[in-house]
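Peer 1: Quick one: the structure is below, and I'll ask about it shortly.
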């Protein structure tokens with residue numbers, strides 16, 4: 001089994017058919033077909049169902065998909081680390097939830113880049129599940145996430161919680177969900193707390209899984225939404241948003257999780273964690 005065959009398999013899955021996969025990989029369709037056939041022969045199972053409308057995964061293909069992503073990711077990381085430019089001695093691979101990049105994510109990134117010119121930094125954006133999988137499989141060394149499970153050979157650092165506050169473009173907006181209420185999905189724990197508080201409300205017409213997109217929409221069309229205090233406070237100071245003080249404030253936990261093996265020689269890591277924990 002070679003990496004090229006796995007990369008081809010992933011390209012087919014991601015694009016939905018062999019033609020688009022060949023275009024993505026800049027090879028002929030016959031080459032894609034041959035690589036897939038070779039992979040299926042090596043595995044001993046059919047991996048994809050091929051129809052005129054496109055391709056779908058077989059049960060065996062579904063099982064292989066997770067491992068293919070891990071193996072290709074590790075290969076990409078291995079190539080990156082073994083081909084570092086002159087003057088660079090090591091690499092820190094950092095996985096970050098997109099919601100945490102503006103703030104603690106950038107603080108961590110700049111702390112490594114500015115303080116350690118001998119180290120390369122590779123940044124990957126992912127969901128909580130993806131980040132946890134990448135850390136466990138070794139694709140990344142450290143992650144910044146809202147959700148985590150303590151595992152062996154990993155250390156979890158709790159960071160100051162994020163406050164989620166109800167903001168509106170009008171100071172006298174009702175606390176209960178109005179017709180212009182924008183629901184922002186801040187994770188499972190928040191969804192449960194929100195449902196208990198506003199059990200009488202229906203489903204919001206507009207919802208986002210990104211605080212920044214929700215903020216942009218709120219500033220554009222008006223309404224109200226729960227947003228991170230750190231994100232919205234500048235707009236409160238400018239008079240564009242108002243904190244509805246009678247509404248409950250929720251908290252969302254944040255964590256920095258590191259692979260202990262990767263960090264054992266990082267004398268800079270603990271001071272940087274201390275800085276993140278002191279930010280509040």
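Peer 1: Can you find even one residue in the range 151-162 that is over 17 Å from residue 264 (Cβ atoms) and part of a loop (DSSP other than H, G, I, E, B)?
Peer 2: no
Peer 1: Answer with yes or no whether residue 56 is loosely packed, with under 14 Cβ neighbours inside 10 Å and touching a strand residue (DSSP E or B) at 6+ places or on another chain (Cβ under 8 Å).
Peer 2: In short, yes.
Peer 1: Taking residue 248 as the residue in question, decide whether it is in contact with a helix residue (DSSP H, G or I) (Cβ under 8 Å, 6 or more places away or on another chain) and either over 26 Å from residue 94 (Cβ atoms) or not in a strand (DSSP E or B) (or both).
Peer 2: So residue 248 passes the test.
Peer 1: Look at residue 273 and say whether it is part of a strand (DSSP E or B) and either assigned by TED's automatic domain parsing to the domain that holds residue 151 or crowded, with 16+ Cβ neighbours inside 10 Å (or both).
Peer 2: In short, no.
Peer 1: Please verify whether the range 186-206 includes one or more residues that are closer than 21 Å to residue 101 by Cα and assigned to a strand (DSSP E or B).
Peer 2: Scanning the range 186-206, I find no residue that is closer than 21 Å to residue 101 by Cα and assigned to a strand (DSSP E or B), so the answer is no.
Peer 1: Residue check: is residue 171 closer than 30 Å to residue 263 by Cα and touching a strand residue (DSSP E or B) at 6+ places or on another chain (Cβ under 8 Å)?
Peer 2: So residue 171 fails the test.
Every residue, every condition in (1) surrounded by fewer than 18 Cβ atoms within 10 Å (Cβ to Cβ); (2) modelled with pLDDT under 90; (3) touching a helix residue (DSSP H, G or I) at 6+ places or on another chain (Cβ under 8 Å), yes or no:
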site	(1), (2), (3)
104	no, no, yes
114	yes, yes, no
118	yes, yes, no
122	yes, yes, yes
129	yes, yes, no
133	no, yes, yes
138	yes, yes, yes
142	no, no, yes
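Peer 1: Within the range 101-119, how many residues are more than 21 Å from the chain's Cα centre (by Cα) and touching a residue at least 40 places away in the same chain (Cβ under 8 Å)?
Peer 2: Going through the range 101-119 one residue at a time, the tally reaches 2.
Peer 1: Taking the residues in the range 154-190 that are surrounded by fewer than 12 Cβ atoms within 10 Å (Cβ to Cβ) and closer than 30 Å to residue 105 by Cα as candidates, determine which candidate is modelled with the lowest pLDDT.
Peer 2: 188
The values are calculated or read from the model by the stated rules, or taken from the named source; none is laboratory data. Since the model is a prediction, treat every value here as computed from it, not as a measurement. Here Cβ is always computed from backbone atoms with ideal geometry, including for glycine, and neighbour counts include all displayed protein chains.
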